[in-house]
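Below is one structure, written out as structure tokens, with a few remarks after it.
Quick note: the coordinates plus some simple rules give every number you see, no bench work behind them. The model shown is predicted, which means the values in this text are computed figures rather than measured ones. Here the Cβ is made from the backbone with ideal geometry for all residues, glycine too, and neighbour counts use every protein chain on show.
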Amino acid sequence: MAHGLILTLGLGAFYTLPVRRAAAPVATATARLSPEDFASPAFLTEFTAPLGDGRRRATLALSALRCYACVWLCEGAMRRVAPEAAFDVNLETGVATVAFDPVKTSLGVLADTLTRLGYAPVPLAPGALPPPRDDLLRLGVAAFCTLNVMSFSAADYLAGPGGLEIGLWQLFRWLGLALATFAFFYAARPLLVGAWRAAVARRVVIDQPLVLAMLSAYGFSAYDTVRGAGPVYFDSVVAVLALVLAGRYLQTRLFLRVERSLGRSFDPSEDLARLVTDDGVRLAPLRDLLAGQAFMVPPGALVPADAVVTSGGGEVSRAPLTGEPKPVTLRKGDAVSGGVLNGPTVLYCTATADALSCYARRARVLARRMMDEKGRMSALCDRLAAAFFGLTLAVAAAAFFAVVRDDPAMAVTRAVAVLLVACPCVFGFAAPLAFATCAARGLERGVVFRSQRAVEQLAAARRFVFDKTGTLTLGRPQVVESHWFLPALAATGLAQDEVLAALVESRGLSDHHAARAVAAWAEPSPPGAARPGLEAAAVEQFGAGVTFALVGGPTLTLGKKSHCARGGVDDGLTWLGIDGHLVASFGMDDTLMPDARGVIDWLQATGAAISISSGDQEGRTQAVAAALGLAPEAAEAGRSPAGKALGVRRLKAQGAVAMVGNGVNDAVALGEAPVGVAVCGAMQAAREAADVCLTRPGLAPLRIAVAMSRAATRALRRSFCFASAYNLMAMSLAATGHVTPLVAALLMPVNSLVVTLITTRWRDGAAA
Amino acid sequence: MTVLFLLVGVSLAMATGALVAFAWCVRDGQLDDLAAPGARILIDTGEDGAL
């Protein structure tokens, strides 16, 4: 399909591009928003921003953007489809920006083309996550000043004391002062402001020793320049600044990429509702869905508000809200809660309360607020820096008071030298480097660390609380037993293999849970059997099951007994019928993630305690605990969302806790835990509340995440130990007056280099 | 040695020029994506971007 479109657009050269690294796109990604949605007025107001000249700008995260060939294809296709719109793709972040005139260009056409090419676009909020241009500019200014100041001081160092003509010597010092002032008050402003704010709030952060060292060295050197005598340290000051800003910039850029990659899995349809009005169905922002209003829920979407079903009832899953994996059937007149996942049919409902007041929505808001609160907690490197800061101050004070009576000027010189060679730059960039390295490696292996605190807390976690449904288990029914009625099958004239083949073929035709589960079950058996050409001519889905009309006559039905045979009474089993005859029955249950046991065993082997906190029934929860080799008391069933959060809070008092979950009912607990992990396929609310998101299915990425965070934290501690030992030595030299500006300028890079190597070249030991 | 004063001025002026150019590039968004432009030059395209 994508291939045909590429040729139609005259972009066949795509297949011969020299830069193509990945396979051709396959249009499999399903868009949660239809092209019509992209063209709707509600979309324009919610997801685009005015540019001032009548045009608007949309920011779209493109899924599956892999290499430059993809960029070429998207841009080429957009030039063909909407030549008047300015379409720009950023390969690094995977985000496209479109500047377009809503009158001339329909965003729907653009979205439709991109989706059919295999790059389903996901709209991001306008102005979200701008590129860090200011940070880059500050880094550039710092680097510019550093190189120039260094060239001036190099002349001084090379010529030796008194080697330079006095006028030139003075000029170099004044130029150094001018450049350092520029660097200090433009490039270092965020550091100064951050340190000041933290000081006002009576907190110790890593910026403070940095700023104090730079400020004292800068002030002292400025004083020496004005009086025309004594040493100046401008080169060291600006070099520290440039290194720190470089580390911070790398980190900012990386975490921006992290947030953008999360944006791709963001589901904008959760922020929109489909109102049913006299003029038909209209897409609207959630806040417009008020009590009493009629709305519709497309298949596979979340119900946006607490409501009553008015027509079109079918199967829905309450798993995201309660952790119950079994679908429930809704009929006309039934009440439904916001946040319930709709099944394969369209639901029409009337809201009983405003959409913004339903529990799922409030949980999301609450979890997001908790996430913000957590961001302000003291971080590991800040604590280490605080300890070191105290030590540095003590040594500087000792150096000062030792000679202040005999020679006040020398006392100040030595104290400044101590502060400067303590090389706080290591503390300034060791942590950003270690965490950025960890986050970058995680991105490649299916783990998204959203902050530096996330890495730190996951490494510290000694107790893991797991949700059950969708986290430890697959979260949807799987076939666990099957029974064939061979005489009935023989009467239909079809062989068992033929039927199995037809079931496998039906995969992808229906998103009914029974059809998907049976197709997945039929897949591996019988291996290598000749597949007769059974093709589905038509597929119809009902709340109770699916009907496949096969080419050549027979009709296959799959679902409840009443769906497959006239007069059948539902018995909890899923039945397979051929032309109205029952030929097989399937028992369905939620099953464990294939890799769950291995990961749990590994976590326990590393000394972590495991518990399960589920909203599901006691029996099913205990069965999962037993299958994982956990003691019965480690599993708690029937937990409400608040109960889960309370459990986490109680455990938090005993030590570092990590919560792993996927549903709306886990969101508050994820926010409550020092570190929350959302597994692949988690609901939006859970992903927003989590510090770590897994992007590959199963629990194996959790093991990678834990191993990686522990290794990164270890590397960070190691680099701090090294830097402390090194700094103690340098400080004792400085305190005794052996550190001149030249020695300071030489000591620093060695230290920085070793710390860079330690924090970026570690191994995590987790199997890929 | 007075020529050194002149040379220092010239070198600073040149460096400032480079800094201004860099600032312009950053504000223009030319450094927002460091991945695609490197590959872009490998592909010959006509006026409209087609091969």
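Towards the positive end of the charge dipole of the protein assembly as shown, with charges on Cβ (+1 Lys, Arg; -1 Asp, Glu), say which of A:LEU44, A:GLY655, A:THR392 has the farthest Cα.
Ranked along the dipole, the leading option is A:THR392.
In nm, to one decimal, how far is the A:THR45 label point from the A:LEU158 one, both placed 7 Å along Cα→Cβ?
6.7 nm
Can you sort A:VAL308, A:VAL569 so the residue with the fewest Cβ neighbours within 10 Å comes first?
Listed from fewest to most nearby Cβ atoms, that is A:VAL569, A:VAL308.
Quick one: order A:GLU444, A:GLU672, A:GLU505 by neighbouring beta-carbon count within 10 Å, fewest to most.
Fewest to most other Cβ atoms nearby, the residues stand as A:GLU444, A:GLU505, A:GLU672.
Using the Cβ atoms and a cut-off under 13 Å, what net charge is assigned to the surroundings of A:GLN478, where Lys and Arg are +1 and Asp and Glu are -1?
-1
Could you rank the peptides A:8-15, A:727-734 by their average count of other C-beta atoms within 10 Å per residue, with the highest value first?
My ranking of the peptides, most packed first, is A:727-734, A:8-15.
Under the definition of partner shielding as Cβ atoms of other protein chains within 10 Å of a residue Cβ, what is the mean value for peptide A:136-144?
Mean number of neighbouring Cβ atoms from other chains: 4.
Run down the lysines and flag those whose C-alpha is under 27 Å from the C-alpha of A:LYS468, throwing out any fewer than 8 positions away in its chain.
In chain and number order, the partners are A:LYS326, A:LYS374, A:LYS560, A:LYS644, A:LYS652.
Does the protein assembly as shown come out rounded, prolate or oblate by the C-alpha gyration tensor, with a ≥ b ≥ c the root eigenvalues, rounded set by a/c under 1.5 and, if not, prolate when a/b is larger than b/c and oblate if not?
Since a/c reaches 1.5 and a/b is larger than b/c, the shape of the protein assembly as shown is classed as prolate.
Show me the helices of chain A, taken as full DSSP H stretches, that run 18 Å or more along their long axis by Cα and average -1.0 or above in Kyte-Doolittle hydropathy.
Span-like helices, by this rule, are A:68-81, A:133-159, A:166-182, A:207-227, A:234-263, A:380-403, A:408-421, A:425-444, A:700-735, A:741-760.
Beta carbons within 10 angstrom, averaged per residue: use that to sort the peptides A:579-590, A:409-420, A:598-609, A:341-352, highest first.
Put in order of decreasing packing, that is A:409-420, A:341-352, A:579-590, A:598-609.
Other chains' Cβ within 10 Å of A:61-73 residues: what's the mean?
Averaged over the peptide's residues, the number is 2.
Obtain the nm distance between the two label points defined at A:ARG368 and A:ALA490 by a simple spin-label model: each point lies 7 Å from its Cα along the Cα-to-C-beta direction.
Simple spin-label model gives 6.4 nm for this pair.
Full-extension gain between A:TYR15 and A:ALA178, please, as 0.36 nm times their residue separation minus the C-alpha to C-alpha distance.
Length gained, A:TYR15 through A:ALA178: 53.1 nm.
Rank by packing, highest mean first: peptides A:75-83, A:434-442, with packing defined as the count of other Cβ atoms within 10 Å averaged across residues.
My ranking of the peptides, most packed first, is A:434-442, A:75-83.
Averaged over B:28-38, how many beta carbons belonging to a partner chain fall within 10 Å of each residue's beta carbon?
Mean partner-chain Cβ count within 10 Å for B:28-38: 6.
Please work out whether segment A:271-310 counts as rounded, prolate or oblate from its C-alpha gyration tensor, where a ≥ b ≥ c are the square roots of the eigenvalues and a/c under 1.5 means rounded, while otherwise a/b larger than b/c means prolate and anything else oblate?
In terms of gyration-tensor shape, rounded.
I want the antiparallel fraction of DSSP beta bridges within chain A, as a percent rounded to 5.
Of all bridge pairs located within chain A, approximately 80 percent are antiparallel.
What does the C-alpha gyration tensor say about the overall shape of segment A:611-713? Classify as rounded when a/c is under 1.5, otherwise prolate if a/b is larger than b/c, or oblate.
It is rounded, given that a/c, with a ≥ b ≥ c, falls under 1.5.
Based on DSSP H runs of at least 4 residues, each adding -39500 (n - 2.57), what is the mean residue ellipticity at 222 nm of the protein assembly as shown after dividing by all its residues, to the nearest 500 deg cm²/dmol?
-15500 deg cm²/dmol
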